[in-house]
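The structure appears right after this line, and notes come after that.
What follows draws every value from the coordinates through simple rules; no lab data is involved. Just so it is clear, the model here is predicted, and its values are computed rather than measured. Glycine also receives a Cβ, built like all others from the backbone with ideal geometry; neighbour counts cover every protein chain displayed.
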Amino acid sequence: MATRETSKVPVNLDINGEQYDVLVEPRRTLLDCLREDLGLTGTKRVCDVGNCGACTVIADGRTGYSCLMLAVESEGLKITTIEGLAGEDGLHPVQQAFIQEDALQCGFCTPGQVLSVVSLLERNSDPSDEEIRLAVSGNLCRCGAYPKIFRAARTAAQIMSSK
Amino acid sequence: MIPAEFDYYAPTSVQEAIGLLQEKGPEAKLLAGGHSLVPLMKLRLAAPSVLIDLNRIAELRGIRSSDGGVAIGAMTTHSEVESSPELADRWPIFHVAGAMIGDPMVRHRGTIGGSLAHADPAGDWPAVALALDARMHIAGPNGERVVPAGEFFVDMLTSALEPDEVLTEIEIPALEGRVGMAYEKFRHPASGYAVVGVAAVVVTDGSGSCQDCRVAITGAGPKATRATGVEEALKGRPLDEQSISAAAERAGEGMAFLGDIYASEEYREHLTKVYTKRALLAAARSAQG
Ligand SMILES: Cc1cc2nc3c(=O)[nH]c(=O)nc-3n(C[C@H](O)[C@H](O)[C@H](O)COP(=O)(O)OP(=O)(O)OC[C@H]3O[C@@H](n4cnc5c(N)ncnc54)[C@H](O)[C@@H]3O)c2cc1C
Ligand code: FES
Ligand code: FES
């Protein structure tokens with residue numbers, strides 16, 4: 001069987017407010033494109049099939065698994081990765097809260113956890129414990145840092161509402 | 001994990017998508033949220049040579065009222081369905097069942113049309129569609145046809161859709177009378193999929209007896225199915241605990257059960273009865289409340 005040569009296609013991606021023009025195979029996932037083509041390795045790969053949440057990004061205000069999104073279908077979406085959270089005046093309040101509460105052990109799930117909490121707090125500035133739990137229910141933490149992750153989410157809500 | 005190679009098209013109208021399906025033949029597949037298809041492609045259990053992305057077709061998205069009922073575009077995401085005020089008011093089951101699908105990331109990208117078309121034996125929307133007697137609007141080379149939910153789920157992972165057809169809209173007909181509905185689900189603790197899920201709709205009159213009801217079961221067998229034995233047993237009876245318990249005993253009649261490492265056939269059969277009773281009790285409460 002002759003192998004078919006799939007040509008690469010041009011894609012324009014809007015990531016953390018910057019425009020990137022890349023040439024990718026249609027089968028390239030957004031995750032692989034971020035990590036391999038753009039060097040944005042903050043977005044992690046673990047299961048690669050939508051089970052763990054390490055690859056979470058925010059797309060048009062909603063969290064999504066970048067390992068199940070194709071780069072080609074991501075054109076036109078406003079993508080935020082962990083690299084896009086810190087601003088000129090330092091870390092995002094959710095990042096600060098994760099450090100303050102020591103809400104991580106190995107840190108591999110952390111970019112996804114942080115983005116899920118950011119996305120929650122953007123829509124709900126004062127979430128209940130249950131809402132926090134549900135918001136990170138797609139982000140597995142094998143180190144079991146959940147109690148501190150929940151605490152960090154509450155702390156972040158306080159930091160953000162006091163601003 | 002990398003899918004096999006494919007060519008990618010992103011049409012902007014249903015007509016264009018159907019044209020591409022015809023031109024590219026049965027090796028072409030439609031892409032909706034990709035939350036069932038992309039994992040299969042990564043595992044090489046599916047290897048379409050052409051992918052036709054429905055995400056740029058605006059006409060497939062959104063919820064609109066239709067003829068007293070409501071029509072949900074196939075590309076409407078689980079979370080849009082779950083949080084729709086139009087639906088919550090008259091069909092609260094969409095909020096309840098939608099909130100139980102997977103996790104936030106799955107609900108943000110996965111679509112109701114993709115879930116129905118995929119006919120996953122553990123999917124939640126198939127049971128809801130059956131209990132509401134939904135009408136599937138399907139566009140193909142010869143125009144549109146409408147398939148009732150009762151004829152849409154053919155077998156495990158097989159729907160009534162032909163390879164050159166697109167599911168465009170899910171129409172939910174209006175319900176007359178005092179209506180109650182509920183969805184009860186035993187979630188797989190890791191994936192969230194239904195080990196057993198039961199959707200129940202009951203219609204009652206002033207006297208509190210069951211005028212009509214529909215019960216649909218997912219997760220338990222190879223495809224979502226109506227529990228007609230339960231429905232027959234409850235119609236005309238009072239919507240109380242005694243009649244509901246007796247009717248729920250008939251859940252699973254004539255069904256084939258799936259067994260896997262998580263739940264045996266016997267356990268699923270047992271859960272089917274328990275969850276049927278819970279769903280009917282909750283539906284009866286909401287009809288009377
Ligand atoms: C971690 C995880 C957990 C999950 N948990 C649950 C759960 O608890 N409950 C549940 O119900 N589901 C669950 N799912 C599945 C999820 O709901 C999928 O989104 C859904 O089953 C498929 O929808 P999709 O839009 O992603 O379709 P896709 O994956 O894009 O497509 C699925 C199939 O349908 C076809 N198709 C799609 N749209 C159309 C159309 N309009 N017309 C014709 N054919 C079409 C495609 O060609 C493909 O064959 C889970 C998925 C993951 C990854
Ligand atoms: S790497 Fe995407 S969900 Fe696990
Ligand atoms: S901190 Fe190690 S997986 Fe969460």
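Side notes on the structure shown:
- Rg/Rh for the stretch A:27-163 stands at 0.95; both radii use Cα atoms, and Rh follows the Kirkwood definition.
- Rounded if a/c under 1.5, otherwise prolate or oblate - chain B, Cα gyration tensor axes: prolate
- C-alpha center-to-center spacing [the stretch B:252-272, the stretch A:32-49] in angstrom: 39 Å
- For peptide A:61-67, the mean count of partner chain Cβ atoms within 10 Å of a residue's Cβ comes to 6.
- The mean count of C-beta atoms from other chains within 10 Å of the C-beta of residues in A:137-145, rounded to a whole number, is 2.
- Cut-off under 5 Å, modelled amide H: who pairs with A:Thr29 long-range: A:Ala71
- Coordinate range along principal axes, alpha carbons of the stretch B:127-279, Å, largest first: 51, 44, 26
- Applied to the stretch A:96-106, the Karplus parametrisation 6.51 cos²θ - 1.76 cosθ + 1.60 on θ = phi - 60° returns per-residue 3J(HN,Hα) values of 4, 5, 5, 6, 4, 8, 6, 8, 7, 10, 6 Hz, with x for Gly and Pro.
- Using θ = phi - 60° and Karplus 6.51 cos²θ - 1.76 cosθ + 1.60, couplings along the stretch B:272-287 (whole Hz; Gly, Pro as x): 4, 5, 4, 6, 5, 4, 4, 5, 5, 4, 5, 5, 4, 4, 6, 6
- Positive-end extreme of charge dipole, the stretch B:61-172 - chosen from B:Ala88, B:Val166, B:Ala119 (charges on Cβ): B:Ala88
- On Cα atoms only, tilt of B:14-24 relative to the major axis of chain B in degrees: 60 degrees
- Förster radius 35 Å - calculated FRET efficiency between B:Val146 and B:Ala256 (Cβ-Cβ, nearest 0.05): 0.80
- Mean sequence separation of contacting Cα pairs (under 8 Å, at least six apart), scaled by the length of the stretch B:107-220, corresponds to a relative contact order of 28 percent.
- Using C-alpha pairs below 8 Å separated by at least 6 residues, the relative contact order for chain B is 15 percent.
- Spatial separation of Cα centroids for the stretch B:190-251 and the stretch B:19-66, in angstrom: 33 Å
- Long-range amide H partners of B:Ser66 with built H, under 5 Å: B:Ala71
- Of B:Val70, B:Val196, B:Val128, the one that fluctuates the most in a GNM where chain B has Cα springs shorter than 10 Å: B:Val70
- Multiplying each eigenvalue of the alpha-carbon gyration tensor of the stretch A:93-161 by 5 and taking the square root yields semi-axes of 17, 13, 10 Å, largest first, rounded to whole angstroms.
- Most mobile listed residue (B:Met136, B:Met181, B:Met41) in chain B, GNM with C-alpha springs under 10 Å: B:Met41
- Long-range HN-HN contacts of B:Leu30 with modeled amide H, under 5 Å: B:Ile52
- Cα gyration tensor category, rounded, prolate or oblate, for the protein assembly as shown with a/c compared to 1.5: oblate
- Cβ charges +1 (Lys, Arg) and -1 (Asp, Glu), total dipole of chain B, debye: 640 debye
- Per-residue extension of 0.36 nm, minus the Cα-Cα distance of B:Ser191 and B:Ala246, leaves a gain of 16.6 nm for this segment.
- For the stretch B:196-246, the spherically averaged projection of the C-alpha convex hull amounts to 3.4 nm².
- B:Arg44/A:Arg133 FRET efficiency (R0 45 Å; Cβ-Cβ; nearest 0.05): 0.80
- Cβ-based net charge around B:Asp67, under 11 Å, with every Lys or Arg adding one and every Asp or Glu removing one: +1
- Remark: spin-label model distance A:Gln19-A:Cys106 equals 4.0 nm, labels positioned 7 Å along the Cα→Cβ axis.
- Extension gain, B:Gln15 to B:Glu232, is 73.9 nm, computed as 0.36 nm per intervening residue step minus the present C-alpha separation.
- Dipole magnitude of the stretch B:7-53 about its Cα centre (Cβ charges: Lys, Arg +1; Asp, Glu -1), debye to nearest 20: 260 debye
- Förster radius 56 Å - calculated FRET efficiency between B:Asp205 and A:Glu83 (Cβ-Cβ, nearest 0.05): 0.40
- Across the stretch A:21-26, computed HN-Hα scalar couplings (Karplus, 6.51 cos²θ - 1.76 cosθ + 1.60, θ = phi - 60°) run 9, 10, 10, 9, 5, x Hz from first to last residue, x flagging Gly and Pro.
- Of the trypsin sites (Lys or Arg not before Pro) in the stretch B:35-94, those whose Cβ has at most 14 other Cβ within 10 Å and which sit in DSSP loop: B:Arg44
- Summarised as an ellipsoid, the stretch B:64-115 has semi-axes of 19, 12, 7 Å, derived from the eigenvalues of the Cα gyration tensor scaled by 5 and square-rooted, with the largest first.
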